[in-house]
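Taking it in order: structure first as structure tokens, then the write-up.
The values are calculated or read from the model by the stated rules, or taken from the named source; none is laboratory data. All figures in this text were calculated on a predicted structure; none of them were measured in a lab. Using ideal geometry, Cβ is built from the backbone for each residue, glycine included, and neighbour counts are taken over all protein chains shown. With ligands, DNA and RNA removed, areas are computed over all heavy atoms of the protein, side chains included. Shrake-Rupley method; radii C 1.70, N 1.55, O 1.52, S 1.80 Å.
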Amino acid sequence: MRAYEIQAGFGLDKLVQVERPDPTPGPMQVRVRVKATSLNSRDLMMVEGRYNPRQKLPLIPNSDAAGVVDAVGPGVTRVKPGDRVMSLFAQAWRAGEPTRAAQGSTLGGPLDGALADTVLLHEDGAVPTPGYLSDEEAATLPCAAVTAWSALVTHGALKAGDTVLLQGTGGVSTFALQIARLMGARIIITSSSDAKLARARALGAHDGINYGTTPDWDKAARALTGGVGVDHVVEVGGAGTFEKSLRAVRPGGTVSVIGVLSGGAGSVPLTPILMQNLRVQGIFVGHRQSFDALNRAFALHTVRPVVDRVFEFSEARAAFEHLKSGAHFGKVVIRVG
């Protein structure tokens, strides 16, 4: 099998293409020939050593895979050879609250991930691919789409008429836009690019705020709601945006903390959380039950993921560089097989 490993330290220059023996599926395992993998900020942070500096190396990065089952181990009943499947981020998380075991079963760290042409998955961690999606499209769902669904639907209880505030136009935010539109919510989205805001409006966003020209985007969002505040913020920025998210949300509203693009360390302003009865919810992607629900909804409405660009397997480093540049709109994908 072909794969990329992070070897002898962190950094994109440490991402090396290698060959390994083909793995043999054990009990309850399935072997998947990977057709495509998509990139998440977590994957870039893992390669650069910012996600877990103590991660044991070598490691095959990436959490998202779409491909075809070509072999199954003893006891497998969920899938069979020839089935198209996607990877579940936390292989041991079927439903309910996360556990230490589930947190330790994540692909792309600590477990080897999907930047390879072959991957072993637990049968519960191999999710059927909706038939209308290409492998490149399907490879975008396991982390970004499930995270957005968990934030807005599984935990957020989003309902028609609610107002959501989305930050940027990366993978999670574009999926959140599509999900919020499905649910009949009003969508406000931010970006530093007017061109990206125009694309977001074409996807269904109702209002756009350029945070480059309008640095007080929290005040602008409140103004768009008549001073009330939004019902839900999908917070992907981290320490650099969190306080403004608290100011943008209405009393009793929800802030779903998903990313740390502007940093993970910072002081937490407790007073507005307390005085406005806010709900701050951490989102750790999601369980299989959420993934299955997402797939049913997307298939019913034939929702197509927004794929920014598809790179070839030999261009893996260039794909990471493109993600790092922030120039993308939606998901960056690597075609593997």
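From the list L88, L12, L57, L44, pick out the single residue that is open to solvent by 50 Å² or more (accessible area, probe 1.4 Å) and either within 27 Å of F175 (Cβ to Cβ) or among the aliphatic types (A, V, I, L, M) (or both). Criteria check complete, one pass: L57.
Looking only at segment 15-30, count how many residues are open to solvent by less than 40 Å² (accessible area, probe 1.4 Å) and closer than 22 Å to E123 by Cα.
Step one: of segment 15-30, the residues open to solvent by less than 40 Å² (accessible area, probe 1.4 Å) are 15, 18, 23, 25-26, 30.
Those still in the list that are closer than 22 Å to E123 by Cα too: 23, 25-26, 30.
Adding up the residues that qualify gives 4.
What residue, among those in segment 243-272 that are open to solvent by 20 Å² or more (accessible area, probe 1.4 Å) and within 20 Å of W149 (Cα to Cα), is modelled with the lowest pLDDT?
Within segment 243-272, the first condition is being open to solvent by 20 Å² or more (accessible area, probe 1.4 Å), and the residues that meet it are 243-244, 247, 250-252, 257-258, 260-272.
This time we only want the ones that are within 20 Å of W149 (Cα to Cα), so: 257-258, 260-261.
Numbers: V257: 95, I258: 93, V260: 65, L261: 56.
Per the criteria, the residue is L261.
Checking the conditions here, which among P142, P130, P98 is out of contact with any Cys (no Cβ under 6 Å at 6 or more places or on another chain) and open to solvent by 20 Å² or more (accessible area, probe 1.4 Å)? Criteria check complete, one pass: P98. Can you find a residue in segment 268-276 that is of a type outside the set (A, V, I, L, M), assigned to a helix (DSSP H, G or I) and touching a residue at least 24 places away in the same chain (Cβ under 8 Å)? So far as segment 268-276 goes, yes, one or more of its residues are of a type outside the set (A, V, I, L, M), assigned to a helix (DSSP H, G or I) and touching a residue at least 24 places away in the same chain (Cβ under 8 Å). For segment 290-308, the set of residues classified as touching a helix residue (DSSP H, G or I) at 6+ places or on another chain (Cβ under 8 Å), part of a helix (DSSP H, G or I) and either surrounded by fewer than 20 Cβ atoms within 10 Å (Cβ to Cβ) or among the charged types (D, E, K, R) (or both) consists of A293, A297, H301, listed by residue number. If you go through segment 309-337 and pick out every residue that is under 18 Å from L107 (Cα atoms) and assigned to a helix (DSSP H, G or I), you end up with 2. Inspect segment 173-187 for any residue being free of Cβ contacts under 8 Å to residues at least 40 places away in the same chain, surrounded by 18 or more Cβ atoms within 10 Å (Cβ to Cβ) and among the hydroxyl-bearing types (S, T, Y) and give the result as yes or no. So far as segment 173-187 goes, no, none of its residues is free of Cβ contacts under 8 Å to residues at least 40 places away in the same chain, surrounded by 18 or more Cβ atoms within 10 Å (Cβ to Cβ) and among the hydroxyl-bearing types (S, T, Y).
Among the residues of segment 148-165, what is the count of those that are open to solvent by less than 10 Å² (accessible area, probe 1.4 Å) and closer than 18 Å to A297 by Cβ?
From segment 148-165, those open to solvent by less than 10 Å² (accessible area, probe 1.4 Å) are 148, 150-152, 164-165; that's our starting set.
Retained after the next criterion (residues that are closer than 18 Å to A297 by Cβ): 148, 150-152, 164.
Qualifying residue count, segment 148-165: 5.
Do you know which residues across segment 196-246 are over 16 Å from T163 (Cα atoms) and assigned to a loop (DSSP other than H, G, I, E, B)? The answer is Y211, G212, T213, T214, P215, D216, V236, G237, G238, A239, G240, T241.
Of all residues in segment 205-218, those that are among the polar types (S, T, N, Q) have Cβ atoms under 9 Å from Cβ atoms of residues that are surrounded by fewer than 16 Cβ atoms within 10 Å (Cβ to Cβ), 6 or more apart or on another chain, in N210/S192; N210/D194; T213/S192; T213/D194.
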